[in-house]
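Below is one structure, written out as structure tokens, with a few remarks after it.
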Amino acid sequence: MEQNNKTATSTLALAALGVVYGDIGTSPLYAFKEAFAGGHGLTPTEPNVLATLSALFWAMMLIISIKYVWVMLKFDNEGEGGVLALTALANRSAQGVTHWKLLIVTAGIFAAALFYGDALITPAISVLSAVEGLSVITPALEKFILPVTIGVLTGLFFIQRRGTGSIGKLFGPVTLLWFAALAVLGTLSIVQNPVVLNALNPMYAINFALEHPTGMFFLLSAVFLALTGGEALYADMGHFGAAPVRLAWYGLVCPALLINYFGQGALVLRSAEAIQNPFYLLAADWFLLPLVALATAATVIASQATISGAYSITLQAMRMGYLPRLFIQHTSDSQRGQIYIPAVNWMMLVGVIVLVLEFGSSGALAAAYGIAVSGTMIITTLLTCFVTLMLPGAARLPLLSGLLVIALLEVLFFGSNLSKIASGGWMPLALGLFLFVLLSTWKRGSSLVAEQRRKLDIPMASFISGSQPDVPRVAGTAVYLTADPNTVPSALFHNLKHFKVLHEQTLFLHVVTKDVPYIEAEQRLKVIQIAPGMYNVALHFGFRQEVDIPLALQGLDSHGVTLDSMSTTYFVARSNVVDGFGGMSSWRCALFSWMTRQSEGAASFFNLPANQVVELGTKVVL
């Protein structure tokens, strides 16, 4: 049994290489050289190279190896990671304190909004930096860099609707080959100039910071590029579990990355001109073309992981009420986690191509990279501090102290990245702010709509005790979708108003999305009979689960309720929002109304049979 567990963990660790570590694994293509590029770049002298490597090594140890791989993987929401899962966990830890809940939710959705900025830049900078190897092979190929990059990215987004099940099996082996190549290239270079290993001593970074505080401040923004996959690592833990993620990092990814970075440093010490592209210049001429192909494959895999992460966080945001319903296509019959969201896919494609054309090189894109990720990292650390603070006992104090030290370091990284605002860093911040407005507007608008409905709708208790027994009954079952089981659904109200009949069996169905990723099937259904032939039915789902109402209702038999699918009609209401100059400003009301019109119909979103759905419109004044 123990041997089987070890084999399973090793298999999952291999699979995790491409999905979890694709982003951070392609950073050697551009991270090290950015410390010596641009207006604030350092001169590639031995003290500067050793200081850069020392800062990079210890930043990776503190932020990735300790914070993310060791600590954050323990702060899961029933096995799920990511900033929204952590927000839900912190929200539960707030224990009903309203002002804490508001602050936690605001921070969480802002971090989620910043994630999309990272999700746009990662494919652009990764693939572009890989294809730039063509110019190292021969300058004559430089004119093909942008067309090839756009072609690769376009193809990647176009295959999303087909799913990644067939090619996903190659992700682990290809990424394993990539990390092996990183280690071999770095080792061959270090052997020729082992003096770079002195950079393992943190005093090189500390002395540089003391002697050149301004230079260290700007250096941090370049060093941070080597850490940008940390949030993706935490977000993807739910696919594999903590043990395989840790095994892959400590056993292969971390050593390979550091060896390659130190190898690039050794190369630059031997030849300062190599700083133009130290990664590709590590390789012999005969290996350049295969290395470009391997790097492109690795960056495509890293981009795929980022795109999948954008789908996943969009799904979580919808389930938790921060986005309207969007069309979701499940691309795998066996794995529910494989989804495709067309609206997100095509907006990302347009955004990525605009970035490639606007910035034109990985060096220019590096100026825009880092701000969004460093902001998300700070929020993740602060939310973790809050959860830790709520834990009982004194054992939490050492962990809390360590997290505060890491938070201080992340604030320095964020401050350093702010120096990039004028040269492109404004873009992810602007995008994050725009998406934060969308997310918060939808949440606020949805709350106001629910509040207005509660004022207008008839209490369920009054309806049950009123005149409904005298209403004529027709054969069949009516299922009314309702957001509040304590009030009569507006669809039923209009049905009675116009047709003056009730069905023999009426179900008031309330879908509940919990703050946990998954709900077991046996805990899904809660049924309460409120009158003869009338039932309140609550369906409980986790925020990562697909809501399939007909499938879930098959369990009603065990609750003594018989449901004939052929004689069942589903009634849903669609709101038409108008500005009443009340709870939201006019422009936010107009934005919420537009988002409502873009929302996918309840019939499709909840997998209701199209020929058994009746939709009734209602007007809501905000």
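All of the numbers you see were taken from the coordinates with simple rules; none came from a lab. What you are looking at is a predicted structure, and each value in this text was computed from that prediction instead of being measured. FYI the Cβ positions are ideal-geometry reconstructions off the backbone, even for glycines, and counts take in every protein chain you see.
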Suppose the chain between Ser558 and Met347 were pulled fully straight at 0.36 nm per residue; how much longer would it get relative to their current alpha carbon spacing? 71.5 nm
Which distance in Å, rounded to a whole number, links the C-alpha centroids of segment 209-223 and segment 461-508? 68
Inter-label distance, nm, simple model (7 Å from Cα along the C-beta direction), Ala422/Glu78: 5.1
Over 26 Å between alpha carbons, listed pairs Lys33/Lys420; Lys74/Lys443; Lys101/Lys514: Lys74/Lys443
Length gained if His494 through Asn611 is fully extended, taking 0.36 nm per residue and subtracting the Cα-Cα distance, is 40.1 nm
Once the dipole of the chain is set up from charges on Cβ (+1 Lys and Arg, -1 Asp and Glu), the residue from the list His494, Ala538, Val20 lying farthest towards its positive end is His494
Highest-first arrangement of 99-108, 315-324, 18-27, where packing means the average Cβ count within 10 Å: 18-27, 315-324, 99-108
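At 222 nm, what helix-only mean residue ellipticity would the chain give, in deg cm²/dmol to the nearest 500, using -39500 (n - 2.57) for each DSSP H run of four or more?
-18000 deg cm²/dmol
Nearest 5 percent is fine: what portion of the DSSP beta bridges confined to the chain is antiparallel?
The answer is about 25 percent antiparallel.
Once fully extended, how much extra length lies between Glu504 and Ile159, figured as 0.36 nm per residue of separation less the alpha-carbon to alpha-carbon distance?
Between Glu504 and Ile159, full extension yields 119.4 nm more.
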Over the chain, calculate the relative contact order: mean separation of alpha carbon pairs under 8 Å at least 6 apart, over the residue count, as a percent. 20
How big is the C-alpha Rg of segment 2-424 next to the rule-of-thumb value 2.2 N^0.38 Å, as a ratio? 0.94
Over segment 450-621, relative contact order from alpha-carbon pairs under 8 Å, at least 6 apart, %: 22
Spin-label pair Asp470/Ile66, simplified geometry with 7 Å Cα→Cβ offset, distance in nm: 7.5
Considering only Pro485, Val547, Ile528, whose Cα is most displaced toward the positive end of the charge dipole of segment 450-621, charges sitting on Cβ of Lys, Arg (+1) and Asp, Glu (-1)? Pro485
Report the one residue of Phe287, Ile275, Asn91 whose Cα lies farthest in the direction of the positive end of the charge dipole of segment 2-424 (charges on C-beta: Lys and Arg +1, Asp and Glu -1; origin at the Cα centre). Asn91
What nm distance separates the two modelled labels at Ser361 and Ala293, each placed 7 Å from Cα along Cα→Cβ? 2.8
